[in-house]
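See below for the structure under consideration.
Values in this text are rule-based calculations from the coordinates and carry no lab data. For clarity, every value in this text was computed on a predicted model and none was experimentally measured. No Cβ is skipped: glycine too gets one built from the backbone with ideal geometry, and neighbour counts run over all protein chains shown.
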Amino acid sequence: MDASGLAVAAAAPATAPQTTAIPAARQQPSQFDSSRFKLHSQGAEARVWEGSLHAGPIIVKQRFSKQYRHPLLDAKLTVSRLKQEVRSMMRARKLGVRTPVLHLVDHVASCIYMERVEGHSIKALLQQRSLAEADLDTLLLSVGRAIAKLHDGGLVHGDLTTSNMMLRQADQQLVLIDFGLSYNTTIPEDKAVDLYVLERAFASGRGLIMAAGTCLQFDKILESYRRASKYWSGTLNRFAEVRMRGRKRAMVG
């Protein structure tokens, strides 16, 4: 067992796959075979593939190298960020926040094999107005509680947007995805920025209710956060400052 708490495959020759096994997961070859999967999306840091394996429908997040970086530095950064993402997902689950189930981490191919969450993002639900008001309120309250659990546990998501929050179809539970920018911190400023990113995501979306320049849906999340967090005071005080700085930048352009 390594320091990260992940079970590491037994020692093998240098040519063997270097993989990190998640409990109840089978080992997979370290050479990622993209022909078995369909490209879902690509961002600045990774490609996301979807397909099926023995565990059922899965997502494979594949981090790719950056040609402008020195190869040794690039490899070190890629592995470091891969490990941080996995640790954050596992830590979030320990804190009581639902994340996709991890099946396999392949350090050589820089891939994370995980559950494909069947459902809709909060962004889609808001745009389609497909939830009854009472159900939407319940969902928003669960978002506030989930973020409070992360922050009280010393974890910041780093990319809190409505696209990275899923309502799982099977059990109607909130699932947070994409921890690629997450990191450990107890600093109120970092938590405040996390909340501000989410507020901006709500402000730029469709299907929202605005009043006095604020989004009522986000206000419900913030109130839920305040009730659930032990350290809400310092974070929300700093959030007010972060929000003010953001508005000043917007006015200046």
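Grab the Cα-Cα distance for residue 163 and residue 231, subtract it from 0.36 nm times how many residues apart they are, and report the gain in nm with one decimal.
Details: separation 68, 0.36 × 68 = 24.48 nm, distance 2.62 nm.
My answer for the length gained is 21.9 nm.
In this label model, residue 216 and residue 73 are separated by 5.1 nm, measuring between points 7 Å along each Cα→Cβ vector.
Calculate the FRET efficiency for residue 38 and residue 170 from the Cβ-Cβ distance with a Förster distance of 22 Å, rounded to the nearest 0.05. List each step's numbers first, then the result.
Values: r = 22 Å, r/R0 = 0.99.
Computed FRET efficiency for residue 38 and residue 170: 0.50.
Ordering 97, 79 by the number of other Cβ atoms within 10 Å of each residue's own Cβ, fewest first, gives 79, 97.
Taking the mean number of other Cβ atoms within 10 Å as a proxy for protection, how do you rank 166-173, 145-152, 111-118 from highest to lowest? Could you put the intermediate results ahead of the total?
On the way: 166-173: 14.5, 145-152: 23.0, 111-118: 21.1.
Peptide ranking by packing, descending: 145-152, 111-118, 166-173.
Dipole magnitude for the range 124-206: computed about the Cα centre from +1 point charges on Lys and Arg Cβ and -1 point charges on Asp and Glu Cβ, it is near 140 debye. Per the Debye formula on identical point scatterers at the alpha carbon atoms of the range 117-190, with no solvent, log10 I(q)/I(0) at q = 0.16, 0.18 Å⁻¹ is -0.59, -0.72. Full extension of the chain segment joining residue 129 with residue 93 gains 10.1 nm, where the gain is 0.36 nm per residue of separation less the Cα-Cα distance. Based on a Kirkwood Rh over C-alpha pairs, give the Stokes-Einstein translational diffusion coefficient of the range 119-252 at 37 °C and viscosity 0.692 mPa s in µm²/s. Rounded to a whole number, D works out at 219 µm²/s. Bridging of residue 61 to lysines at a Cα separation below 29 Å is possible for 38, 76, 83, 94, 123, 149, 191, once same-chain residues fewer than 8 apart are set aside.
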